[in-house]
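Undergrad: Have a look at the structure that comes next, please.
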Amino acid sequence: MRKKGLVIAIDGPAGVGKSSIGEMLARAVDYKFLSTGQMYRALAWKALSLGADLENEEQVTAIALKSHWDFVSGEFKVIKIILDGVAMDSRLNSESVGRATSSIARLSSVRKFMCDKQREIGEAGEIVMEGRDIGSNVFPDAEIKIYLDASPQERAKRRVNQLLEEGKAADYEEIFSAIVKRDKQDAERKYNPLTKSKDYNVIDTTDLNKEQVLEKILKLYKDYCSVQ
Ligand code: DC
């Protein structure tokens, strides 16, 4: 049972803006911020670099258990992952790591490992944690649960714009079908799939900018605090 401090859980599909909104929110309320996808990505990165069989639950779980995980609070209380002394950075965002992450995130003992760590990190509260199963599984008693949603077309459009802004090539059709595929994997996963249960505050961000989404979440936060 948690002793103090709120947990704000943000779940939702790929490319909906959970990380950027979550970070903005954490900064606004002076909470820690953890993107749990980065934990799965870090493990996938290590499994790939060791040439592990990504479908082999025992092998991948052993890598997770034998690794040294450090979680350090960085600038604006954003939690950074240090795996075996190596700071996890943009290397986690490559296509190959993304694909490997989808495979290892299906494994039940990997999910248990990650969830236990996430509960330890969030135990003291005062944290915004984003992922796919934070409000449904990791912290079912989170005080505020947000489900961010947006149509796959809108999420693909945002990703294309982001890549173009970074000066990278972007193909809408390719990105759109990758998003649809990722949605299916997240929703159909056997263990802790992405679900939109009724205790979530669902925010459809399709026609909203980041500031408008943040404003809606801050209102929920203030409403919650005012009745406590
Ligand atoms: O949010 P992201 O794109 O960084 O997530 C990377 C992968 O990890 C994606 O395949 C979904 C998975 N994931 C998960 O299964 N559960 C979480 N709590 C967070 C991410």
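Undergrad: Within the range 165-220, how many residues are more than 16 Å from the ligand (Cβ to nearest atom), open to solvent by less than 40 Å² (accessible area, probe 1.4 Å) and without any contact (Cβ under 8 Å) to a residue 40 or more places away in the chain?
TA: The qualifying residues number 1.
Undergrad: Follow-up. Take the range 54-67 and flag every residue that is open to solvent by less than 30 Å² (accessible area, probe 1.4 Å) and among the polar types (S, T, N, Q).
TA: Scanning the range 54-67 gives T61, S67.
Undergrad: Name the residue that is nearest to Q185 (Cα to Cα), counting only residues in the range 68-111 that are loosely packed, with under 14 Cβ neighbours inside 10 Å and of a type in the set (G, A, S).
TA: Among those residues, the one meeting the criterion is S108.
Undergrad: Same structure, new question: Find all pairs meeting these conditions: Cβ atoms under 7 angstrom apart; at least six residues apart or on different chains; first residue within the range 56-77 and without any contact (Cβ under 8 Å) to a residue 60 or more places away in the chain; second residue in a strand (DSSP E or B) and open to solvent by 60 Å² or more (accessible area, probe 1.4 Å).
TA: The qualifying pairs are V72/K80; G74/K80.
Undergrad: If we keep just the residues of the range 79-93 that are of a type in the set (D, E, K, R) and within 16 Å of the ligand (Cβ to nearest atom), which is farthest from I127 (Cα to Cα)?
TA: So the residue we want is R91.
Undergrad: Can you pull out every residue in the range 18-40 that is more than 10 Å from the chain's Cα centre (by Cα) and of a type outside the set (S, T, Y)?
TA: I21, E23, M24, L25, A26, R27, A28, V29, D30, K32, F33
Undergrad: Residues of the range 153-164 being more than 16 Å from the ligand (Cβ to nearest atom) and touching a residue at least 40 places away in the same chain (Cβ under 8 Å), which ones?
TA: Passing the criteria: only E154.
Undergrad: For the range 99-154, give me each residue that is aliphatic (A, V, I, L, M) and more than 19 Å from G22 (Cβ to Cβ).
TA: A100, I104, L107, V110
Undergrad: Looking only at the range 144-152, decide whether some residue is more than 10 Å from the ligand (Cβ to nearest atom), under 30 Å from K4 (Cβ atoms) and of a type in the set (K, R).
TA: Within the range 144-152, one or more residues are more than 10 Å from the ligand (Cβ to nearest atom), under 30 Å from K4 (Cβ atoms) and of a type in the set (K, R).
Undergrad: Tell me, yes or no, whether the range 197-218 has at least one residue that is part of a helix (DSSP H, G or I) and among the acidic types (D, E).
TA: Within the range 197-218, one or more residues are part of a helix (DSSP H, G or I) and among the acidic types (D, E).
The values are calculated or read from the model by the stated rules, or taken from the named source; none is laboratory data. This one's a predicted model, so the numbers in the text were calculated from it and none came from an experiment. Every residue, glycine as well, gets a Cβ built from its backbone with ideal geometry; the counts of neighbours run over all protein chains shown. Accessible surface areas use protein heavy atoms only, side chains included; no ligands, DNA or RNA. Shrake-Rupley method; radii C 1.70, N 1.55, O 1.52, S 1.80 Å.
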